[in-house]
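A short worksheet on the structure shown next.
The values are calculated or read from the model by the stated rules, or taken from the named source; none is laboratory data. Source: prediction; values computed, not measured. Quick reminder, even Gly has a Cβ in these numbers, built from the backbone with ideal geometry, and neighbours come from all protein chains shown. Surface accessibility is based on the protein's heavy atoms, side chains included, excluding ligands, DNA and RNA. Shrake-Rupley method; radii C 1.70, N 1.55, O 1.52, S 1.80 Å.
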Amino acid sequence: MNNQSVWMHIGAGSFHRAHQAWYLHKLREQGDDSWSIALGNIRDDANALLTQLDKQQGAYVLETVSPEGERHYEQISSIKKILPWDAQISALIEQGAQPNTRVIAFTVTESGYYLTPEHELDLTQADVKADLAGGIRTLYGALTRILKRRVELGGVPVTLLNCDNLRHNGERFRHGFLSFLKAKQETALYDWVSANTTSPNTMVDRITPRPTPDVAERVKAATGIQDAVPVMGESFIQWVIEDDFIAGRPALEKVGVELVDSVLPWEEAKIRILNATHSCIAWAGTLIGLSYIDDSTRHPVIRQLAWEYVSQDVIPSLTPSPLDLGDYRDVVLARFSNPHIKDTNQRVAADGLSKIPGMVTPTLIQCYARGSEPQASAVLPALFYLFLQRWAQGDLPYEYQDGVMQPDTIRALFAGSDPLKAFTSDEALFAELAGNDAFHALMVRTVARMQAWVNETTAQPLTV
């Protein structure tokens, strides 16, 4: 591995193994073995996975399934080094400091950037405070340690690459990281990062649910391989990257990756059409007692709500676009309807407090700016409001995970005299629309309509 270029990935989740690792594997299949992956994690929540992957020499089976139910199995072998976790992230630091590590990539949830609605680093967050004091709870704290060691070993330039759903992810990460270094008074490292790293914006896409035990059973039956850590995803896959690598890159264009000057059109379409709709379907499905995305998408009312949101408000907001947005909408809804994926509403519903401002509010604002009341888009925050209300009442059927939620604040909001008014006045969620009388009136009507639908639907026998 020392003679190879290394792609170090931080974030040992299913998505990386079904997405970036697959692309690097396809490149190696073509005979280009000049790049391989070293995989590690900042926190200790992936230790069992990393230990098992190490036992399997980094290899595992990827199962993909099409909307028609066609299953395909591949043994992925692009991960050549497992970086074991310890409290000081020693293995990540050592690998990240090596000159042949030319890309440091990472997968982080929206809340993992700790940004305010104005996209500034939120210095009030407990994890950020801890890392400013020398901790390693965040990506910023981890990269500070990794790159300080890299500078000590000669400071060869390196690309810092996002692989997640944050809008303008490379730019937003870079601003957050540099702000962190400034707040930490790491002046020399700030200057080095500014001059010796790049952070291309990217768009990534492949639905990858949390693996269930039946995946390993199907893998064994289909391939004969006893794999303790297989992963599964849909057959659809996409990766668009701005071609701004400072230290070389794999020939990803040979395996279907789109290298572009600006990722913006793909990013906006994906975030507003796919990601926002995905979450809307999860919240709606949960409210009427459904557990899975595919069942929820096939519910005629939920599907219509999603279709109207994209058609009436998002497409006009994104036009003109180099993409066929109507076709993109239809492909997305077909993917969500895939009955063989069994992605859970619980997984997709997570982090709503970050998703509303990032994925929905821009469309609300653009609709008002062009003189159009966003009736279809208002359904999304209305559903999330009812979902949060259900959480505050302790009445969700599962544990809701939200990285920026302050539980006492949300409970206090719903205990107040006018919780919807407080909700629609939250600048962190709705930016310039917070406190807007017309928006509040629209939300009052929309919440009432959605609540009536939930009541009517749940009063009837549930069929899917």
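Among PHE414, SER425, GLN125, which residue has its Cα furthest toward the positive end of the charge dipole of the chain, with +1 on Lys/Arg Cβ and -1 on Asp/Glu Cβ? Going by the Cα projections, it comes out as GLN125. Using a 10 angstrom Cβ neighbour count of at most 15 plus a DSSP loop assignment to flag exposed GluC sites (Glu not before Pro), which longest range of the chain is free of such sites? Here the longest run is 121-398. Each Cα pair under 8 Å and six or more residues apart adds its sequence gap; the mean of these over the residue count of the chain is a relative contact order of 14 percent.
DSSP bridge analysis restricted to the chain gives an antiparallel fraction near 30%, rounded to the nearest 5. In the chain, the longest principal axis of the Cα atoms and the axis of helix 437-458 are about 90 degrees apart. Return the lysines within reach of LYS182: Cα separation strictly under 17 angstrom, same-chain partners fewer than 8 residues apart disregarded; answer none if there are no such residues. In chain and number order, the partners are LYS129, LYS148. Magnitude of the charge dipole for segment 1-77, about its Cα centre and with charges confined to Cβ atoms of Lys, Arg (+1) and Asp, Glu (-1), is about 160 debye. Determine the distance separating the Cα centre of segment 91-143 from the Cα centre of segment 16-63; give it in Å without decimals. With segment 91-143 and segment 16-63 each reduced to a Cα centre, they are spaced 21 Å. Mean separation of Cα pairs under 8 Å and 6 or more residues apart, divided by the residue count, gives segment 88-234 a relative contact order of 24 percent.
Expressed in Å, the radius of gyration and Dmax of the Cα atoms of the chain are 22.2, 68.
Could you order THR109, THR202, THR457, THR124 so the one with the most accessible surface comes first? Probe is 1.4 Å.
THR124, THR109, THR457, THR202
Computed from backbone phi with θ = phi - 60° and the Karplus coefficients 6.51, -1.76 and 1.60, the 3J(HN,Hα) list for segment 344-350 is 8, 4, 4, 5, 6, 6, 5 Hz; x is used for glycine and proline. Accessible area per residue was computed with a 1.4 Å probe on protein heavy atoms; TYR190 scores about 80 Å². Projected onto planes of every orientation and averaged, the convex hull of the alpha-carbon atoms in segment 315-459 covers 10.2 nm². Under a model in which nothing but the beta-carbon of Lys, Arg (+1) and Asp, Glu (-1) is charged, the chain shows a dipole of about 680 debye around its Cα centre. For segment 117-206, the solvent-accessible area with a 1.4 angstrom probe is 38 square angstrom per residue. Within the accessible surface of the chain, defined with a 1.4 Å probe on protein heavy atoms only, the carbon and sulfur portion equals 49 percent. Going by alpha carbons, how many degrees (0 to 90, nearest 10) lie between the helix axis of 169-183 and the longest principal axis of the chain? Orientation of helix 169-183: about 70 degrees from the principal axis.
Roughly speaking, what is the centre-to-centre gap between segment 199-240 and segment 278-318 when only Cα atoms are used, to the nearest Å? One Cα centre to the other: 24 Å. Only one residue of THR208, GLY11, VAL263 has its Cα farthest out toward the positive end of the dipole of the chain, where Lys and Arg carry +1 and Asp and Glu -1 on Cβ, and that residue is GLY11. Charging the Cβ of each Asp and Glu at -1 and of each Lys and Arg at +1, and nothing else, the dipole of segment 264-459 about its Cα centre rounds to 280 debye. Only Cα pairs under 8 Å and 6+ residues apart enter the sum, and on that basis the relative contact order of segment 264-459 stands at 25 percent.
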